[in-house]
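Visitor: One structure coming up, written as structure tokens, with questions to follow.
The values are calculated or read from the model by the stated rules, or taken from the named source; none is laboratory data. Predicted model only: the values in this text are computed from it and were never measured. Here Cβ is always computed from backbone atoms with ideal geometry, including for glycine, and neighbour counts include all displayed protein chains.
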Amino acid sequence: MRCRKCPKKAIIYMPEHRLALCSACYSPWFLEHTERTIRKFKMFTRRDRILVAVSGGKDSLSLWHALHTLGYEADGFYIDLGIVGRDGYSEQSKQRCQELADRLGRRLHIVRVAEQVGAPIPEIKDLTAREACSACGLIKRYFMNRYALEAEYDVIATGHNLDDEVAVLFSNVLHWNRGYLARQYPVLDEREGLKKKVKPFVYFTEKQTTVYALVNRIAYVRDECPYALGATTLSYKDILAQLEHQAPGTKRRFLDGFYQIRALFAEPEAPALVPCSRCGQPTTAGVCAYCRLVEHVQRRRGLASTSVAAEAASPRSLDHQEPVLHDPGS
Ligand code: AMP
Ligand code: FES
Ligand code: ZN
């Protein structure tokens with residue numbers, strides 16, 4: 001098959017766009033579509049400082065590379081979950097992020113869960129009744145927001161792609177999770193201590209972000225997190241892949257259709273947010289879920305009494321001219 005834009009051999013065919021492209025024509029197409037999504041949802045401008053949450057995987061590293069190539073001010077943010085697994089999962093992921101940071105000449109901020117919470121994710125999983133990924137999701141959201149606020153970034157960008165978003169939408173519709181549906185959107189505006197969050201890759205499939213990483217020789221971790229069993233999400237992805245195969249463009253139409261009627265799910269009044277009495281981060285009541293988790297972990301480890309645990313959970317502020325979280329670049 002030939003490239004639509006030049007006589008070279010195509011490396012990718014995208015049935016949903018009826019488009020075949022060669023390796024030279026692929027990146028310009030991909031970058032143009034990234035820019036379109038950024039503009040469509042008014043995600044950020046070239047005056048904004050962007051914190052890209054990078055996991056070491058293909059999506060978030062491609063996102064960082066693409067934003068940098070498009071001339072945006074984008075630094076990386078890596079949360080070291082302390083997962084060893086096969087081949088040292090977290091260590092390898094961090095290395096891939098650091099390699100790209102060096103190549104782009106941008107800063108990579110690193111936060112270690114074990115230092116902040118008192119235990120890495122596998123131990124947190126054992127000490128709490130939670131699934132590893134539910135504690136991990138809570139911790140990631142917390143650190144992304146806190147770091148972006150303290151280091152004065154304007155917006156947090158994540159690498160969620162079309163396949164992720166459509167699988168989540170499918171699940172939320174199947175279970176009629178109205179609260180989640182109300183919040184599923186590529187842009188969540190800043191409010192009451194919550195930084196703006198954006199997903200510039202919502203319209204790219206996994207295949208498209210993978211090809212961008214390969215064409216640009218971005219080294220990424222191929223293994224999934226050993227705890228991300230995600231069997232249900234994977235089975236939804238299979239079903240959606242079948243539908244997409246039968247009618248290319250189904251995923252995108254499903255997602256876009258939802259964005260148009262999403263207002264129907266808006267909660268009449270979003271619960272008001274107040275600063276956590278320990279760490280100051282926004283929460284709906286009293287002590288935030290993160291501080292409660294830290295306290296629980298530290299108590300179970302017998303490391304600290306409740307009051308010491310509370311002290312550990314309460315961060316110093318950036319007013320002291322010290323980053324609260326570990327930052328090897330500072
Ligand atoms: P996941 O929930 O693992 O599919 O990841 C979704 C997005 O969250 C990724 O594309 C990244 O932008 C971000 N992310 C996931 N894991 C990490 C991590 N360990 N550190 C920083 N960002 C992450
Ligand atoms: Fe959440 Fe692995 S435990 S990504
Ligand atoms: Zn708190």
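Visitor: Would you confirm whether any residue within the stretch 37-48 is among the acidic types (D, E) and out of contact with any Pro (no Cβ under 7 Å at 6 or more places or on another chain)?
Guide: Yes.
Visitor: Moving to a separate point now. Could you please give the count of residues in the stretch 66-125 that are out of contact with any helix residue (DSSP H, G or I) (no Cβ under 7 Å at 6 or more places or on another chain), modelled with pLDDT under 95 and basic (K, R)?
Guide: 1
Visitor: Considering only residues that are within 16 Å of ligand 2 (Cβ to nearest atom) and exposed (fewer than 14 other Cβ atoms within 10 Å of the Cβ), look in the stretch 229-287 and name the one that is nearest to F204 (Cα to Cα).
Guide: That would be L234.
Visitor: Being within 16 Å of ligand 3 (Cβ to nearest atom), more than 29 Å from L188 (Cβ to Cβ) and out of contact with any strand residue (DSSP E or B) (no Cβ under 7 Å at 6 or more places or on another chain): is that true of G105 here? Walk me through it before giving the result.
Guide: Details: within 16 Å of ligand 3 (Cβ to nearest atom): no; more than 29 Å from L188 (Cβ to Cβ): yes; out of contact with any strand residue (DSSP E or B) (no Cβ under 7 Å at 6 or more places or on another chain): yes.
Answer is no for this residue.
Visitor: Hey, any hits in the stretch 121-142 for a residue that's under 23 Å from D75 (Cα atoms), away from ligand 2 (no atom under 16 Å from the Cβ), touching a residue at least 40 places away in the same chain (Cβ under 8 Å) and not in a loop (DSSP other than H, G, I, E, B)? Quick ask: steps written out before the conclusion?
Guide: Step one: filter the stretch 121-142 for residues under 23 Å from D75 (Cα atoms), giving 136-142.
Cutting the leftovers down to away from ligand 2 (no atom under 16 Å from the Cβ) gives us none.
Checked against the condition, which is being under 23 Å from D75 (Cα atoms), away from ligand 2 (no atom under 16 Å from the Cβ), touching a residue at least 40 places away in the same chain (Cβ under 8 Å) and not in a loop (DSSP other than H, G, I, E, B), the stretch 121-142 yields no hits at all.
Visitor: Given the condition among the β-branched types (V, I, T), within 15 Å of ligand 1 (Cβ to nearest atom) and either surrounded by 17 or more Cβ atoms within 10 Å (Cβ to Cβ) or farther than 23 Å from D59 by Cβ (or both), answer yes or no: does some residue in the stretch 125-138 qualify? Reasoning before the result, please.
Guide: In the first step, residues of the stretch 125-138 are kept if they are among the β-branched types (V, I, T); the result is 128.
Narrowing further to those that are within 15 Å of ligand 1 (Cβ to nearest atom): none.
No; the residues of the stretch 125-138 include none that is among the β-branched types (V, I, T), within 15 Å of ligand 1 (Cβ to nearest atom) and either surrounded by 17 or more Cβ atoms within 10 Å (Cβ to Cβ) or farther than 23 Å from D59 by Cβ (or both).
Visitor: Return the residues of the stretch 242-285 that are free of Cβ contacts under 8 Å to residues at least 60 places away in the same chain, in contact with a helix residue (DSSP H, G or I) (Cβ under 6 Å, 6 or more places away or on another chain) and within 21 Å of L162 (Cα to Cα); say none if nothing qualifies.
Guide: L243, T250
Visitor: Of all residues being closer than 21 Å to S62 by Cβ, more than 15 Å from the chain's Cα centre (by Cα) and surrounded by fewer than 16 Cβ atoms within 10 Å (Cβ to Cβ) in the stretch 190-228, which is farthest from ligand 1 (Cβ to nearest atom)? Just the residue, please.
Guide: Restricting to residues being closer than 21 Å to S62 by Cβ, more than 15 Å from the chain's Cα centre (by Cα) and surrounded by fewer than 16 Cβ atoms within 10 Å (Cβ to Cβ), the top hit is R217.
Visitor: Going residue by residue through the stretch 49-65, is there one that turns out to be in contact with a Lys or Arg (Cβ under 7 Å, 6 or more places away or on another chain) and not aliphatic (A, V, I, L, M)? It would help to see each step written out before you state the result.
Guide: Quick first cut of the stretch 49-65, residues in contact with a Lys or Arg (Cβ under 7 Å, 6 or more places away or on another chain) only: 56, 61.
Then keep just the ones that are not aliphatic (A, V, I, L, M); that gives 56.
Yes, the stretch 49-65 contains at least one residue that is in contact with a Lys or Arg (Cβ under 7 Å, 6 or more places away or on another chain) and not aliphatic (A, V, I, L, M).
Visitor: Of the residues I79, I110, which single one is more than 15 Å from ligand 2 (Cβ to nearest atom), under 17 Å from the mean Cα position of the chain (by Cα) and of a type in the set (V, I, T)?
Guide: Numbers: I79 fails: more than 15 Å from ligand 2 (Cβ to nearest atom).
Sole residue among the options that is more than 15 Å from ligand 2 (Cβ to nearest atom), under 17 Å from the mean Cα position of the chain (by Cα) and of a type in the set (V, I, T): I110.
Visitor: Right, next: Surrounded by 14 or more Cβ atoms within 10 Å (Cβ to Cβ) and either at pLDDT below 90 or in contact with a Gly (Cβ under 8 Å, 6 or more places away or on another chain) (or both): is that true of D319 in this structure?
Guide: Working: surrounded by 14 or more Cβ atoms within 10 Å (Cβ to Cβ): no; either at pLDDT below 90 or in contact with a Gly (Cβ under 8 Å, 6 or more places away or on another chain) (or both): yes.
No, not satisfied.
Visitor: Which residues, counting only those in the stretch 276-316, are under 28 Å from the mean Cα position of the chain (by Cα), modelled with pLDDT of 50 or more and of a type in the set (D, E, K, R)?
Guide: Scanning the stretch 276-316 gives R278, R292, E295.
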